[in-house]
Amino acid sequence: MDTGAAAETQPAADARARKGSVRRRLGRVIAMQALYEIDAVGTEPDVSIEALGAEHEAPLEVVRFASQLVHGTLERLPEIDAVIQEQAPQFPLAQVAGVDRAVLRLAVYELRHGRGVPPKVAINEAVDIAKEYGNESSGRFVNGVLGHVAPAANGS
């Protein structure tokens, strides 16, 4: 039995998976930044996504992924905000920091509507993005809120 060919392809498969993960992460970052900008200054979604894609020198597939996330989130914004408020009423969205609000909205969209996105991945990505772009307590805050939101977002 020749296992050499299979062994040689595993590192290539791992590299492709990491590259895809990095690209999806960049798409989520661009989506979060666009949602923040749209919320803060009312920028048109496509204008924001294109500008942020260019700023990050993102490949077209990443910009398309970010666009899907942004448009999906905006189309379902009343539903998403209601889920967050219902599960975390102690945190009125109007009083939540803009970055945290954008991260939460994006994560709830992915939890409810992200095809093939495991809840743990959506939450971990949201927490990591909040830590990177929010304030020192953003990661803990987002994790805590999503801990309450995740079961409701999945229809549990």
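Read-outs throughout are calculated quantities, based only on the coordinates presented, and are distinct from any laboratory measurement. What you see is a predicted model; the values in this text were computed from it and never measured.
Here region 25-86 and region 114-128 have alpha carbon centers that stand 16 Å from each other. Pairwise Cα separations in region 9-153 fall into 5 Å bins from 0 onward with the following percentages, short to long: 2, 11, 20, 23, 21, 13, 6, 3, 1, 0, 0.
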